[in-house]
1. Starting from residues that are part of a helix (DSSP H, G or I) and closer than 20 Å to Phe405 by Cα, keep the ones in segment 298-316 and report whichever is farthest from the chain's Cα centre (by Cα).
2. Looking at Val239, is it over 16 Å from the mean Cα position of the chain (by Cα), crowded, with 18+ Cβ neighbours inside 10 Å and at pLDDT below 95?
3. Just to be sure I understand, how many residues within segment 281-297 are of a type in the set (Ser, Thr, Tyr) and assigned to a loop (DSSP other than H, G, I, E, B)?
4. Tally up the residues in segment 323-334 that are touching a residue at least 60 places away in the same chain (Cβ under 8 Å) and assigned to a helix (DSSP H, G or I), please.
5. Could you tell me whether Leu402 is in contact with a Gly (Cβ under 7 Å, 6 or more places away or on another chain) and at pLDDT 90 or above?
6. Answer yes or no: is there a residue in segment 252-266 that is of a type in the set (Ser, Thr, Tyr), on the phi < 0 side of the Ramachandran plot, open to solvent by 30 Å² or more (accessible area, probe 1.4 Å) and out of contact with any His (no Cβ under 9 Å at 6 or more places or on another chain).
7. So Gln188 clears everything in (1) open to solvent by less than 40 Å² (accessible area, probe 1.4 Å); (2) polar (S, T, N, Q); (3) free of Cβ contacts under 8 Å to residues at least 24 places away in the same chain except one condition, right? Which one?
8. Please name all residue pairs, on different chains or six or more residues apart, with Cβ atoms under 7 Å, provided the first residue is in segment 124-142 and is surrounded by 10 or more Cβ atoms within 10 Å (Cβ to Cβ) and the second residue is not in a strand (DSSP E or B).
Amino acid sequence: MPLDHYCPWREEAEELKAEVGRIGGELDTLKSQMATLQRHVFGKKAEKLPTVAAELRKEAAGEQAQAARAEAALKKRRERAARRVEGAPTREIRHTVPAEERHCPACGSEELKALGKGRTSEVYEYIPARFERQVHVQEVLACACGQGVVTAPPPAKVVDKGGYGPDFLAHVVTSKCADSMPLHRLAQRIERGGVPMSRSTLTDLFHLSASVLLPLSRHLLQCIASSEVVWADETPLRVLDVKKTRLGYLWTFLTQNEKGEWLIGYRFSMGRGGKTPLDVLGGTTGALVVDGYTGYNPVTLPDGRTRVGCWAHVRRRFFDALATAPEAREAMNFILALYRVEANARDADVVRAAAHRELRQLHSTPVLARLRAWLEEQAPRHPPKGPLGQAISYALKQWDALSRFVSDERLPLDNNRSEGALRKAALGRKNFLFVGHEAAGENLAGLYALVATCEVNDVNPEAYLADVLLRVQTHPQSRIGELLPLEWKRLRAADSS
């Protein structure tokens with residue numbers, strides 16, 4: 001008889017081997033988690049995940065790369081100088097020579113004349129902002145007949161009998177949404193400016209502004225939903241409840257038009273399920289750029305939008321696996337090669353053009369093939385629940401979504417844009433901790449959208465809001481899009497030219 005017929009311990013040995021593998025995977029996971037925690041708490045910045053741009057800069061060498069960097073730096077300085085000239089108001093202050101010094105230091109003559117325009121220097125100074133109490137007096141005229149009276153029109157107000165003007169409301173909204181300032185802190189600052197103010201009053205004004213601008217924030221989301229390519233992401237936001245807080249979510253949806261301009265929208269919900277993406281994007285077609293979260297499945301399966309994956313999320317997972325599996329660096333090098341192709345497209349100024357697609361098909365496709373082969377080769381060598389095993393599994397499960405960018409030049413490699421759109425909300429979450437109730441979260445989302453779209457398109461949100469707060473109430477709903485930040489900016493530019 002075969003010898004193994006008499007081995008009663010074979011089955012037990014196999015079970016022990018499987019148990020050792022499982023424990024090894026769990027140990028690798030714990031090691032990776034510990035390394036990540038130590039890196040975030042105690043580590044230097046160099047130990048954190050380096051950006052793709054930083055990695056590509058390290059590779060750049062030689063005179064050509066240095067010349068390109070110098071040219072980019074010069075362009076940035078010129079843009080900053082242009083913004084400086086166009087930005088702050090300019091006031092010329094003349095300095096005359098004192099009477100006791102108005103004589104020639106050489107001959108003593110007092111026959112002096114101006115030499116050119118004089119010596120010029122620039123100084124930026126802070127002029128303290130101020131609030132003012134305006135007393136509007138409407139002229140009243142009476143006819144000699146004693147029967148007719150004519151009264152001058154009242155000043156424009158956002159709300160009838162309201163005690164605060166549109167510029168004041170715009171300042172409140174911008175302070176909270178753009179500068180992440182809690183309303184109780186803003187109330188203190190306003191009181192220092194001489195205006196009696198309480199947090200409850202500011203809260204009422206903030207929600208009033210959101211209600212007035214609701215048609216605009218809704219239309220902005222509709223414009224985004226009708227676009228071919230949409231980015232999306234979500235972040236938690238606490239909601240005040242009785243003696244505790246509940247967890248809500250702020251979702252962002254954004255798109256880029258043909259001119260390269262961005263539209264950013266937000267939606268608040270009390271859950272992280274697929275209802276919110278379905279409410280915003282349901283019934284639309286195109287591409288949806290998201291991470292691997294299944295909450296977006298209702299709008300991508302089976303006949304909805306085409307899902308596009310995020311290589312930044314994949315790269316982050318392999319970076320986290322480096323502590324226990326140094327071979328993860330090879331996967332990161334493959335991913336960096338994909339971004340190198342995108343950098344070449346930017347340098348050649350062919351982004352989102354047919355030449356961009358050709359570059360991807362010529363250079364990115366072979367990189368994807370080599371990376372796929374490496375993933376399949378490495379998968380059996382690592383425990384499925386270990387850090388590298390999980391990273392490999394994530395990449396393989398998302399492979400179709402991750403590869404779609406090759407055939408469409410409009411699709412990005414990652415979802416970083418939508419993550420960036422939530423950074424302002426993350427800062428606000430640290431400052432004001434929570435929103436008071438669900439309706440408050442919805443109002444915050446609507447105002448966030450208008451302010452964020454202004455900022456990303458170089459529109460002053462205070463000037464924009466002060467104008468549209470008055471106009472939106474009488475503007476025809478069929479042409480409400482004319483009051484969105486981009487159209488508003490174009491109209492203002494046309495009027496000033």
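The values are calculated or read from the model by the stated rules, or taken from the named source; none is laboratory data. Keep in mind that what you see is a predicted model, and the values were worked out from it rather than measured. Every residue, glycine among them, receives a Cβ derived from its backbone with ideal geometry; neighbour counts consider all protein chains shown. The accessibility values were calculated without ligands, DNA or RNA, using every heavy atom of the protein model including side chains. Shrake-Rupley method; radii C 1.70, N 1.55, O 1.52, S 1.80 Å.
1. Our first condition is that a residue be part of a helix (DSSP H, G or I); within segment 298-316, this holds for 298-299, 311-316.
Applying the additional criterion that residues be closer than 20 Å to Phe405 by Cα yields 299, 311-316.
Numbers: Val299: 22, Trp311: 18, Ala312: 16, His313: 17, Val314: 20, Arg315: 20, Arg316: 19 Å.
Ranking the candidates gives Val299 first.
2. Working: over 16 Å from the mean Cα position of the chain (by Cα): yes; crowded, with 18+ Cβ neighbours inside 10 Å: yes; at pLDDT below 95: yes.
For Val239, the condition - over 16 Å from the mean Cα position of the chain (by Cα), crowded, with 18+ Cβ neighbours inside 10 Å and at pLDDT below 95 - is met.
3. Step one: list which residues in segment 281-297 are of a type in the set (Ser, Thr, Tyr), which gives 284-285, 293-294, 296.
Okay, now just the ones that are also assigned to a loop (DSSP other than H, G, I, E, B), so 284-285, 293.
Total satisfying the criteria: 3.
4. 3
5. Numbers: in contact with a Gly (Cβ under 7 Å, 6 or more places away or on another chain): yes; at pLDDT 90 or above: yes.
The answer is yes for Leu402.
6. Going through segment 252-266, the residues of a type in the set (Ser, Thr, Tyr) turn out to be 252, 255, 266.
Retained after the next criterion (residues that are on the phi < 0 side of the Ramachandran plot): 252, 255, 266.
Narrowing further to those that are open to solvent by 30 Å² or more (accessible area, probe 1.4 Å): none.
Checked against the condition, which is being of a type in the set (Ser, Thr, Tyr), on the phi < 0 side of the Ramachandran plot, open to solvent by 30 Å² or more (accessible area, probe 1.4 Å) and out of contact with any His (no Cβ under 9 Å at 6 or more places or on another chain), segment 252-266 yields no hits at all.
7. (1)
8. Phe131/Ile190; Phe131/Gly193; Phe131/Gly194; Phe131/Val195
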